[in-house]
Amino acid sequence: MSRIEIDLPADFVFTTHLPIRITDINYGGHVGNDTVLSLVHESRMQFLKSAGYTEMNCGGKGLIMTDAAIVFKKELFYGDTVIVSVKAMNFSKISFDLFYKMEKIQEGKTVLVAKVKTAMVCFDYTVKKVAALTEETIEKISSM
């Protein structure tokens, strides 16, 4: 069976800390795969907010996530704080990738929890069509 591989960028500028809540825990006693994607969504929202954007207004247009890949490395448990670093790369006229490095502190050391990549497409919700990213938007979020 072939495995998904995600090569994370060497450097990240944006980082956020998210507490793991009791409602994030599944029947296995750890954070479920669906919750990891929710944590990624929250991290993406905070990343965009730090640039003055939202998913509905990223340089005047919206964003749609067209795919997601997650490589799990360690479990997250209630009481953990996940440290999520986000970086935008691989820009085209209408899209870009976001990479997420998810870590936690365990026994005094930072350990990798998951590597995630999402593909984002710029979308004009008023006409329901893919739209071009502005140069200003590309410059702004690529420098983060």
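The values are calculated or read from the model by the stated rules, or taken from the named source; none is laboratory data. This is a predicted model, so every value here is computed, not measured. Positions of Cβ are generated from backbone atoms using ideal geometry, with glycine treated the same way; all protein chains shown enter the neighbour counts.
When residues of region 75-98 are filtered for being in contact (Cβ under 8 Å) with a residue 40 or more places away in the chain, surrounded by fewer than 20 Cβ atoms within 10 Å (Cβ to Cβ) and either among the charged types (D, E, K, R) or part of a strand (DSSP E or B) (or both), how many remain? Total meeting the criteria: 7. Within region 28-38, the presence of at least one residue that is under 30 Å from Glu135 (Cα atoms) and of a type outside the set (D, E, K, R) is confirmed. Apart from one condition, Tyr53 fits all of (1) assigned to a loop (DSSP other than H, G, I, E, B); (2) surrounded by fewer than 17 Cβ atoms within 10 Å (Cβ to Cβ); the exception is (2). Close contacts from region 39-66, counting a first residue that is β-branched (Val, Ile, Thr) and a second that is in a helix (DSSP H, G or I), with Cβ to Cβ under 7 Å and a gap of 6+ residues or different chains, come to Thr54/Leu48.
Checking each residue of region 103-111 against the condition of being on the phi < 0 side of the Ramachandran plot, touching a helix residue (DSSP H, G or I) at 6+ places or on another chain (Cβ under 8 Å) and surrounded by 14 or more Cβ atoms within 10 Å (Cβ to Cβ) gives no match.
Taking residues in region 122-136 that are modelled with pLDDT under 95, and partners anywhere that are part of a loop (DSSP other than H, G, I, E, B) and surrounded by 10 or more Cβ atoms within 10 Å (Cβ to Cβ), the pairs with Cβ atoms closer than 6 Å and at least 6 places apart or on different chains are Thr134/Gly59. Of all residues in region 15-38, those being in contact (Cβ under 8 Å) with a residue 24 or more places away in the chain, in a helix (DSSP H, G or I) and exposed (fewer than 14 other Cβ atoms within 10 Å of the Cβ) number 2.
Checked across region 74-82, the condition of being in contact with a helix residue (DSSP H, G or I) (Cβ under 7 Å, 6 or more places away or on another chain), at pLDDT 95 or above and among the aliphatic types (A, V, I, L, M) holds for at least one residue. Residues of region 105-121 that are of a type outside the set (Val, Ile, Thr) and either more than 30 Å from Tyr53 (Cβ to Cβ) or not in a strand (DSSP E or B) (or both): Gln106, Glu107, Gly108, Lys109.
To keep it simple, each residue is scored yes or no on (1) touching a strand residue (DSSP E or B) at 6+ places or on another chain (Cβ under 7 Å); (2) under 19 Å from Thr118 (Cα atoms).
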| residue | (1), (2) |
| --- | --- |
| Leu8 | yes, yes |
| Pro19 | yes, no |
| Tyr27 | no, no |
| Asp34 | no, yes |
| Met45 | no, yes |
| Ser50 | yes, yes |
| Leu63 | yes, yes |
| Thr66 | yes, yes |
| Ala69 | yes, yes |
